[in-house]
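Report on the structure given below.
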Amino acid sequence: MSQGLTYRQAHLDDLHTLCVLGQPLNRLHHQERPDIYRDATEQVERDQSHWRPCLTSRVQAVFLAELQGASVGFITVQIIETASPLLQPLRVARIGSVCVLEAQRGQGIGRELMALAERWAVRQGAGDLRLTVWAFNEPAQRLYEELGYEKRAFEMGKRLG
């Protein structure tokens, strides 16, 4: 792990930082699925309404990785409780977004962010931790499998028109 690397839970005053860090995710997803995702933008304020709930909700958390005081990655996680007569009552955590800046990849930052989210989920009483990853994101799939995540379902789609 890099010297000077620290982790902390993000707060509302980190909203701008989260919007900036989210741009590589926007770019990657837009590159692969421009029919779904908007491209990265220099007007990062556009994304505030997406990230703000992650920072203000009692059932969500964001963790930041910082290298010598500069933010280099983040993860979002939330608690979801099932409320259907067809399902067992479950309290699960769901990873929303994971991002590590390209220059810092391969240093264990993603692994540590995942561990922070998992520990937070356990403290919240979650019995399961879930995530969704796009088929095109093979590096993320490998990381998640190395961390013990298993494929449980496949989401399929068909473009119409």
| Net lengthening on full extension, residue 56/residue 135 (0.36 nm per residue, minus Cα-Cα) | 25.4 nm
| remark: A chain fully extended from residue 70 to residue 8 at 0.36 nm per residue, minus the present Cα-Cα distance, gains in nm 21.1 nm
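Which value results for Rg/Rh of the chain when Rg is the Cα radius of gyration and Rh the Kirkwood radius based on the inverse mean 1/r? Provide the component values of the computation, followed by the final result.
Working: Rg = 16.2 Å, Rh = 16.8 Å.
For the chain, the value is 0.96.
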| request: Please identify which residues in the stretch 90-110 have an amide N closer than 16 Å to a label point set 7 Å out from the Cα of residue 20, following the Cα→Cβ vector. | output: 100-104
| request: Specify the residue with the greatest mean-square fluctuation among 111, 58, 94, computed from a Gaussian network of the chain linking alpha-carbon atoms under 10 Å apart. | output: 58
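I'd like the GluC sites (Glu not before Pro) in the stretch 108-153 restricted to DSSP loop residues with at most 12 other Cβ atoms within 10 Å, sorted by number. Intermediate values should be presented prior to the final figure.
Numbers: sites: 112, 118, 145, 146, 150; in loops: 150.
Hits after loop and neighbour filter: 150.
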| field | the stretch 10-146, relative contact order [Cα under 8 Å, separation at least 6], % | value | 19 percent
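Roughly what % of DSSP beta bridges within the chain run antiparallel, to the nearest 5? Write out the running numbers ahead of the final one.
Values: 21 of 24 bridges.
Percentage antiparallel, nearest 5: 90.
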| query | Taking the alpha-carbon centroid of each part, what is the distance from the stretch 94-161 to the stretch 34-68 in angstrom? | reply | 16 Å
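Report the extension gain between residue 149 and residue 30 in nm, rounded to one decimal, defined as 0.36 nm multiplied by the number of residues separating them, less their alpha carbon distance. Numbers along the way, then the final one.
Working: separation 119, 0.36 × 119 = 42.84 nm, distance 2.54 nm.
Result: 40.3 nm gained on full extension.
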| query | Given labels modelled 7 Å from the Cα in the Cβ direction, how far is it in nm from residue 84 to residue 111? | reply | 3.6 nm
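Bear in mind that the values in this text are calculations on the coordinates, not laboratory data. Source: prediction; values computed, not measured. Here Cβ is always computed from backbone atoms with ideal geometry, including for glycine, and neighbour counts include all displayed protein chains.
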